[in-house]
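The structure under discussion appears below in the form of structure tokens.
Nothing in this text is a laboratory measurement; each read-out follows from the coordinates by a stated rule. The structure displayed is predicted, hence computed values, not measured ones. Ideal geometry is used to build each Cβ from the backbone, glycine not excepted, and the neighbour counts take in all protein chains shown.
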Amino acid sequence: MKRSSPTTRPMAEINVVPYIDVMLVLLVIFMITAPLLTQGVSVDLPQTRSEVISGNDREPLIVSVDKNGDYFLNVNATPELALTARELVLRVAAELQIARESHESTSVLVKGDQGVPYGKVVAAMALLKQAGAEKVGLVTQDVEEHL
């Protein structure tokens with residue numbers, strides 16, 4: 001009597017090559033998007049009520065953003081005339097360089113109009129960061145003063 005062919009058992013192995021391909025694609029996607037999520041302008045916001053800034057060696061640099069989105073600098077020769085973004089960066093960089101050479105500390109502040117879009121204030125802060133300002137503060141009006 002002849003025996004029938006041995007029964008073939010189903011193969012119990014998993015083909016992992018497609019899973020490895022998917023994992024590599026996901027790894028590349030995360031490597032590309034992770035640095036994009038951490039960009040931005042860092043600002044130290046007060047946790048409670050605002051405080052008066054202590055006196056520094058030099059007059060603070062105050063960049064004002066009016067309701068039209070124009071930039072003004074308080075230490076400019078003509079502070080009532082609007083500056084372009086390039087002029088603002090060059091002027092602030094020059095003021096900060098003078099302060100560093102004379103070993104004086106200088107505060108850099110942004111004063112935005114209440115009606116200006118938020119993006120314009122952030123753009124002013126980015127320009128100040130580009131000019132070399134390490135810390136940028138926001139000028140606010142106290143609630144009691146406003147009422």
Radius of gyration and Dmax over the Cα atoms of the range 61-141, both given in Å: 11.9, 38
Packing-based exposure ordering (other Cβ within 10 Å, fewest first) of THR140, THR33: THR33, THR140
